[in-house]
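Peer 1: Mind having a look at this structure? Questions to follow.
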Amino acid sequence: MTTEIPQNLPPAPAGAPDDLWTWSLRVYARDGFAPAALRLQDRAGLDVNLLLWCLWAGVVRRTDVGAAGVAAAAAAAGRWQAEVVRPLRAARRALKGLPHPDPALVAGLRERVAAEELAAERGEQALLAAVPLAGRAADPAVAAARNLVHYSRWSGLDPGATADADLALLLVAATGAPAAALLAAARADLSPA
């Protein structure tokens, strides 16, 4: 997601699977969430919307989605993320500080691209929200922690100190629970015997 979330977002279309989006905006705005999520995006290649979906599935839907659920969600949104969201993000970032004889033109264009990027992120979340949640019911914080572990393993994320600290920040923002202990327990529970 972009760090710039306008306050005057248009309402969701009728019948849209918008509870993920609304919940995501609330959580993304919490202290520490955006910087941690963007570090995981930029340094580890994780998808912020998929991180939010993992947390939402655990916290709101009380579902441990499992590795298969993460794979299904990634498949559902992968092409949209790669062909729509990432190119818009790249364009927005390229426009930041780009030398041009008309800086106002560049600033206006960057603002419009940021708005389109946000709309594309909302589109990705609609795809994610439509993924059937087939998993076991769990305590919301435990399910969210397990979902983050499933995603980090699916993506090949090396569970180093920085990545774990960022995942813990996301978990605290989404649940208010003691994240480091939850992540450690989830990793231990999900490790092969």
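Peer 1: Can you tell me which of (1) within 25 Å of Gly160 (Cα to Cα); (2) without any contact (Cβ under 8 Å) to a residue 24 or more places away in the chain is the one Leu98 doesn't meet?
Peer 2: Only one criterion is unmet by Leu98, namely (1).
Peer 1: Got at least one residue in segment 24-42 being among the β-branched types (Val, Ile, Thr) and either assigned to a loop (DSSP other than H, G, I, E, B) or modelled with pLDDT under 95 (or both)?
Peer 2: Taking segment 24-42 first, the residues among the β-branched types (Val, Ile, Thr) are 27.
With either assigned to a loop (DSSP other than H, G, I, E, B) or modelled with pLDDT under 95 (or both) added as a condition, the list becomes none.
Among the residues of segment 24-42, not one is among the β-branched types (Val, Ile, Thr) and either assigned to a loop (DSSP other than H, G, I, E, B) or modelled with pLDDT under 95 (or both), which makes the answer no.
Peer 1: Test Arg61 against the criterion of being in contact (Cβ under 8 Å) with a residue 60 or more places away in the chain and over 17 Å from the mean Cα position of the chain (by Cα), and give yes or no.
Peer 2: Numbers: in contact (Cβ under 8 Å) with a residue 60 or more places away in the chain: yes; over 17 Å from the mean Cα position of the chain (by Cα): no.
The answer is no for Arg61.
Peer 1: Okay, moving on. Please go through segment 24-53 and pick out each residue that is surrounded by 16 or more Cβ atoms within 10 Å (Cβ to Cβ) and either over 12 Å from the mean Cα position of the chain (by Cα) or among the basic types (Lys, Arg) (or both).
Peer 2: Within segment 24-53, Arg39, Ala44 qualify.
Peer 1: Here is a further query. Does segment 133-159 hold any residues that are buried (at least 19 other Cβ atoms within 10 Å of the Cβ) and of a type in the set (Lys, Arg), and which are they?
Peer 2: Arg146
Peer 1: What residue, among those in segment 160-193 that are open to solvent by 70 Å² or more (accessible area, probe 1.4 Å) and in a loop (DSSP other than H, G, I, E, B), is farthest from Ala68 (Cα to Cα)?
Peer 2: Pro178
The values are calculated or read from the model by the stated rules, or taken from the named source; none is laboratory data. Not measured: the values here are computed from a predicted model. Backbone-built Cβ (ideal geometry, glycine too); neighbour counts: all protein chains shown. Please note that ligands, DNA and RNA were not included when accessible areas were found on the heavy atoms of the full protein model with its side chains. Shrake-Rupley method; radii C 1.70, N 1.55, O 1.52, S 1.80 Å.
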